[in-house]
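The values are calculated or read from the model by the stated rules, or taken from the named source; none is laboratory data. If you're wondering where the values come from, they're calculated on a predicted model, not measured in any experiment. Here the Cβ is made from the backbone with ideal geometry for all residues, glycine too, and neighbour counts use every protein chain on show. For accessibility, only protein heavy atoms count, side chains too; no ligands or nucleic acids. Shrake-Rupley method; radii C 1.70, N 1.55, O 1.52, S 1.80 Å.
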Amino acid sequence: MRGTVQKKGNKWYAVLYTGKDELTGKWQRKWFSGFKTKKEAEKFLAEKVSEVTQGKYTEPSKELYGAYLQSWLEDKKMQVRPSTWKTYDWIARCYVLAHLGKMELSKKGNGGLDRG
């Protein structure tokens, strides 16, 4: 297993080893917190280890919805008709950015919109 579970106070933590740092050779660790039981933490860790093994694991991003959406809109600008892009831009500005623009993509409870 490439990780461990630890208890601090009354909460359990899953510690995922994501690989070794190329410069220092030390293990890089990612801590996930807030598990009520050891079993929950172990199950979560097993899923994350599987993701790392399969090359599917990505670090949670601090990128905001607003920045991601602006980037997406710029990419779409060359792929769709100008009238379609204007509609996308209007919807994004009026509805999405106003409510989600300052929220991080990787935060829990974001409707499963994690980037990756």
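So the values come out like this:
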{"quantity": "Selection count, the stretch 60-79, where residues are touching a Ser or Thr at 6+ places or on another chain (Cβ under 9 Å), open to solvent by less than 100 Å² (accessible area, probe 1.4 Å) and either under 30 Å from TYR17 (Cβ atoms) or β-branched (Val, Ile, Thr) (or both)", "calculated": "4"}
{"quantity": "Those residues of the stretch 85-116 which are among the β-branched types (Val, Ile, Thr) and at pLDDT below 95, in sequence order", "calculated": "ILE91, VAL96"}
{"quantity": "Some residue of the stretch 27-41 being over 22 Å from SER106 (Cα atoms) and of a type in the set (A, V, I, L, M)", "calculated": "no"}
{"quantity": "Residue that is farthest from the chain's Cα centre (by Cα), among those in the stretch 36-50 that are free of Cβ contacts under 8 Å to residues at least 40 places away in the same chain and surrounded by 15 or more Cβ atoms within 10 Å (Cβ to Cβ)", "calculated": "GLU42"}
{"quantity": "Criterion: open to solvent by 80 Å² or more (accessible area, probe 1.4 Å) and either under 19 Å from the mean Cα position of the chain (by Cα) or hydrophobic (A, V, I, L, M, F, W, C) (or both) - qualifying residue of LYS26, LYS102, LYS7", "calculated": "LYS102"}
{"quantity": "Elements of type helices (runs of 4 or more DSSP H) in the stretch 21-92, at least 1 residues being among the aliphatic types (A, V, I, L, M), more than 30 Å from LYS7 (Cβ to Cβ) and out of contact with any Lys or Arg (no Cβ under 7 Å at 6 or more places or on another chain)", "calculated": "65-77, 82-91"}
